[in-house]
Structures are given as structure tokens and as C-alpha cells.
Amino acid sequence: MEAFTRHTGIVATLDRANVDTDAIIPKQYLKSIRRTGFEVGLFHDWRYLADGSPNPDFELNRPAYRGASILLTRNNFGCGSSREHAVWAVVQYGFRVVIAPRRGAGDALVPAFADIFRNNSVKNGLLCIELDEAAAETLWAAVRAEPGMQATVDLAAQTIALPPDNPAPLRFEMDPGVKDYLLRGLDEIAMTLSLEADIAAFEARHDNQLAGAVAAPPLDLGLGGVT
């Protein structure tokens, strides 16, 4: 998968909370046996009218958001089923980053992303950024004031830089393991393969120890002729 280090792109908005995976990629698109082509179905029921033409009232169809690669949305994005197709659709449409706020705290916490969607995103090189509500509102205000604006996401520095006339870069937290995967462009399989030499050395030691144990003489328990 493609490594993620630093990305600059247009920020598009989706002002909806609890967007589930059936809304992201409806079930009729799950019949495909391929892993490509899902960008056509992204947000299908909102993006198209009944006759199949683009819905002019849907945010992503606005001219200012054409070519957007950063999606700003609301909390609990990607809830619902575990279909990985939802992440494929987001990535294949052209998004490299999805940004959402968490709401509340403790037992009342509503996360920015559903866990399964977030985990599937890591495996596909999609950066999911969770912001606190205040930081998220700063970004929402900037995008509303300047539709089609660009932002720069720096994963190493964990910042979102806005245009010069906006506030200082927004900082975000990131799990160190997830950050390492994305910076190196490795999914779980690739990470395992990167340790191939260590695995081979371990197996060689194990085989030698096993061979030595088989070749060792029987242990004398000092029981003489007792039967």
C-alpha cells in the first residue's frame, strides 16, 4: 500500500453524523468479486437522483469540492456492518484522509470513527484523524468561509495546516503503531514479511534445538533393574 507522509488537498464536507457503511457503499455493490470500481457507488443514495443523474444538493457534487482528497465529517463515521468495501470506496474515490470529531467523554463518549472502519482504513492506507470538538469546529469554520480550500496533513508532525490567513496548525493524536504502519506503507502482511530474516533465524534455532533434543542419550534415572 502507498505510504502516507504528508498530503495537501481540497477539503470536502459531509455534514452528517453516524454515517453507516450501507450509506457509504450500498449493498448492491457488494456483488462484485473484484476489489476495484467501488468509487462509483460511494454515497450512492445521496449522490444520485432517481434517474441516475448527480444530485446537485449533495455536498460532494458541488463544483468547489471537485477533486477533493480530504473529507471532513461528523462523529461515528463508518458505523454499521464490517464491510471493507466501505473503505475501498472512500479510497478509490480519491480520499486520502477522513477527519471527524469525537463527542462527549467517559461512558458518554461518541467516537469519531467506528472501530472496524478505522481498522480497515489502516490496512488500506486511509488516514482517519480524530479531533476534539473545538478543533473540529475550527476546521469546519475555515471550510465554510472558503469552500474548496486546501489543507496540508503532516502525519509525522501530526498536524493539519490551513491556509495562511487561518489559525495555527491543528494538532491531532495518533496511535504510534498505526502511525508507523502508514508512514512505512505497510499492512499487517507486509509488516510480517519485513521480519522475514528474524523469522527464518528463529526457525533455524528452533530446528537445531529440536534436533539436539532428539539426538540426546536416554536420561539415566538411577532405577537399576527395577521393572
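Look through Asp15, Asp51 and report the one residue that is at pLDDT 95 or above, loosely packed, with under 15 Cβ neighbours inside 10 Å and touching a Lys or Arg at 6+ places or on another chain (Cβ under 7 Å).
Asp15
Suppose we filter the stretch 54-87 for residues that are more than 22 Å from Val110 (Cα to Cα) and either out of contact with any helix residue (DSSP H, G or I) (no Cβ under 8 Å at 6 or more places or on another chain) or part of a helix (DSSP H, G or I) (or both); how many remain? Show your work before the answer.
The initial filter retains those residues of the stretch 54-87 that are more than 22 Å from Val110 (Cα to Cα), namely 54-69, 85.
Now drop any that are not either out of contact with any helix residue (DSSP H, G or I) (no Cβ under 8 Å at 6 or more places or on another chain) or part of a helix (DSSP H, G or I) (or both), which leaves 56-57, 59-67, 69, 85.
The total comes to 13.
Mind checking whether some residue in the stretch 101-111 is surrounded by fewer than 18 Cβ atoms within 10 Å (Cβ to Cβ), at pLDDT below 95, outside any helix (DSSP H, G or I) and small (Gly, Ala, Ser)?
Yes, the stretch 101-111 has at least one match.
Tell me whether the stretch 13-32 contains one or more residues that are closer than 20 Å to Leu170 by Cβ, touching a Pro at 6+ places or on another chain (Cβ under 6 Å) and assigned to a loop (DSSP other than H, G, I, E, B).
For the stretch 13-32, residues closer than 20 Å to Leu170 by Cβ, touching a Pro at 6+ places or on another chain (Cβ under 6 Å) and assigned to a loop (DSSP other than H, G, I, E, B): absent.
Scan the stretch 139-161 residue by residue and report those that are part of a loop (DSSP other than H, G, I, E, B), in contact with a Ser or Thr (Cβ under 8 Å, 6 or more places away or on another chain) and either buried (at least 18 other Cβ atoms within 10 Å of the Cβ) or charged (D, E, K, R) (or both).
Applying the first criterion (part of a loop (DSSP other than H, G, I, E, B)) to the stretch 139-161 yields 146-149, 155-158.
Okay, now just the ones that are also in contact with a Ser or Thr (Cβ under 8 Å, 6 or more places away or on another chain), so 155-156.
If the condition is that a residue be part of a loop (DSSP other than H, G, I, E, B), in contact with a Ser or Thr (Cβ under 8 Å, 6 or more places away or on another chain) and either buried (at least 18 other Cβ atoms within 10 Å of the Cβ) or charged (D, E, K, R) (or both), then Leu155 is the only one that fits.
Taking Phe95 as the residue in question, decide whether it is in a helix (DSSP H, G or I) and either in contact with a Gly (Cβ under 6 Å, 6 or more places away or on another chain) or not basic (Lys, Arg) (or both).
Numbers: in a helix (DSSP H, G or I): no; either in contact with a Gly (Cβ under 6 Å, 6 or more places away or on another chain) or not basic (Lys, Arg) (or both): yes.
Here the answer is no, as Phe95 does not meet what is asked.
For the stretch 1-38, name all the residues that are under 30 Å from Ala157 (Cβ atoms), within 16 Å of the chain's Cα centre (by Cα) and not basic (Lys, Arg). Steps first, answer last, please.
Of the stretch 1-38, the ones under 30 Å from Ala157 (Cβ atoms) are 1-17, 19, 24.
Pick out the ones that are also within 16 Å of the chain's Cα centre (by Cα) and you get 1-7, 19, 24.
Selection gives Met1, Glu2, Ala3, Phe4, Thr5, His7, Val19, Ile24.
The values are calculated or read from the model by the stated rules, or taken from the named source; none is laboratory data. In this text the structure is predicted, and so the values were computed from the model without any measurement. Note that each Cβ is placed from the backbone with ideal geometry, even for glycine, and that neighbours are counted across all protein chains shown.
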